[in-house]
Amino acid sequence: MKTVLSKIITPVYTSTWYSDLLLAIPRVVGCYFLMVNFGGSKFPTPDWFVEDVSKFGGIFALFPTFFAWAAVLAETFGGALLVLGLGTRLAGSIVACTMLVAIFFQKWGGEVWGMLPAMGFLWISLYAIVMGSGRFGLDHFISQKFK
């Protein structure tokens, strides 16, 4: 169990600390905006958002309140975890799934301009899944305990 957790938490490091810093900036800044402007602005989950989720059809129409709350929690707390670099790969996975749903069920068919925020958060989360937090995240300090 300790080995699996270590592999999930241990980030990929670049050759220099300033490269890790430059790579952390989009994660921290982008996910701050995800947390505050996209997730936090929907607390408590507004009726318009639940109605919007119900229009996705399928399972989303059966449980729109649940999925609306799941999206808000993923954006808010997933964004917070990515800002802190804590559970980076897991949080990145949750945010990536949320952004894929937003792109394909909410924004698809409209102009690309409307999809750009969700696409940007998707790319940041995919990067976080692959690289982890780097030296500038709590995962770095936790992974040092496993060594």
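Test each condition in (1) in contact with a Phe, Trp or Tyr (Cβ under 8 Å, 6 or more places away or on another chain); (2) among the hydrophobic types (A, V, I, L, M, F, W, C); (3) in contact (Cβ under 8 Å) with a residue 40 or more places away in the chain; (4) more than 22 Å from residue 116 (Cβ to Cβ) for residue 67 and report the one that comes out false. Answer for residue 67: the failing condition is (3).
Being out of contact with any strand residue (DSSP E or B) (no Cβ under 6 Å at 6 or more places or on another chain), under 25 Å from residue 131 (Cβ atoms) and surrounded by 13 or more Cβ atoms within 10 Å (Cβ to Cβ) holds for only one residue in 38, 49, and it is 38. Listed conditions (1) out of contact with any helix residue (DSSP H, G or I) (no Cβ under 9 Å at 6 or more places or on another chain); (2) within 19 Å of residue 118 (Cβ to Cβ) are all met by residue 24, apart from (2). Listed conditions (1) within 30 Å of residue 24 (Cα to Cα); (2) part of a helix (DSSP H, G or I) are all met by residue 86, apart from (2). Look at (1) in a loop (DSSP other than H, G, I, E, B); (2) surrounded by 13 or more Cβ atoms within 10 Å (Cβ to Cβ) and you find that residue 8 fails only one, number (1).
One line per residue, one yes/no per condition, for (1) among the small types (Gly, Ala, Ser); (2) touching a residue at least 12 places away in the same chain (Cβ under 8 Å); (3) under 30 Å from residue 139 (Cβ atoms); (4) part of a helix (DSSP H, G or I):
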residue	(1), (2), (3), (4)
37	no, no, yes, yes
48	no, no, no, yes
52	no, yes, no, yes
59	no, no, no, yes
72	no, yes, yes, yes
76	no, yes, yes, yes
105	no, yes, no, yes
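One residue is enough: does the stretch 14-31 have a residue meeting the conditions crowded, with 19+ Cβ neighbours inside 10 Å, under 20 Å from residue 99 (Cβ atoms), modelled with pLDDT of 90 or more and in contact with an Asp or Glu (Cβ under 9 Å, 6 or more places away or on another chain)? Checked the stretch 14-31: no residue is crowded, with 19+ Cβ neighbours inside 10 Å, under 20 Å from residue 99 (Cβ atoms), modelled with pLDDT of 90 or more and in contact with an Asp or Glu (Cβ under 9 Å, 6 or more places away or on another chain). Note on the stretch 107-129: residues that are farther than 19 Å from residue 74 by Cα and either assigned to a helix (DSSP H, G or I) or in contact with a Gly (Cβ under 9 Å, 6 or more places away or on another chain) (or both) total 3.
Please verify whether residue 98 is in contact with a Pro (Cβ under 9 Å, 6 or more places away or on another chain), modelled with pLDDT of 95 or more and crowded, with 19+ Cβ neighbours inside 10 Å, treating the condition exactly as stated. So residue 98 fails the test.
Residues checked against (1) over 18 Å from residue 130 (Cβ atoms); (2) touching a Lys or Arg at 6+ places or on another chain (Cβ under 8 Å); (3) not aromatic (Phe, Trp, Tyr):
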{"residue": "4", "(1), (2), (3)": "no, no, yes"}
{"residue": "66", "(1), (2), (3)": "yes, no, no"}
{"residue": "78", "(1), (2), (3)": "no, no, yes"}
{"residue": "82", "(1), (2), (3)": "no, yes, yes"}
{"residue": "85", "(1), (2), (3)": "no, yes, yes"}
{"residue": "97", "(1), (2), (3)": "no, no, yes"}
{"residue": "107", "(1), (2), (3)": "yes, no, yes"}
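The values are calculated or read from the model by the stated rules, or taken from the named source; none is laboratory data. This one's a predicted model, so the numbers in the text were calculated from it and none came from an experiment. Heads up, the Cβs are rebuilt from the backbone with ideal geometry, glycines too, and the neighbour counts pull from every protein chain shown.
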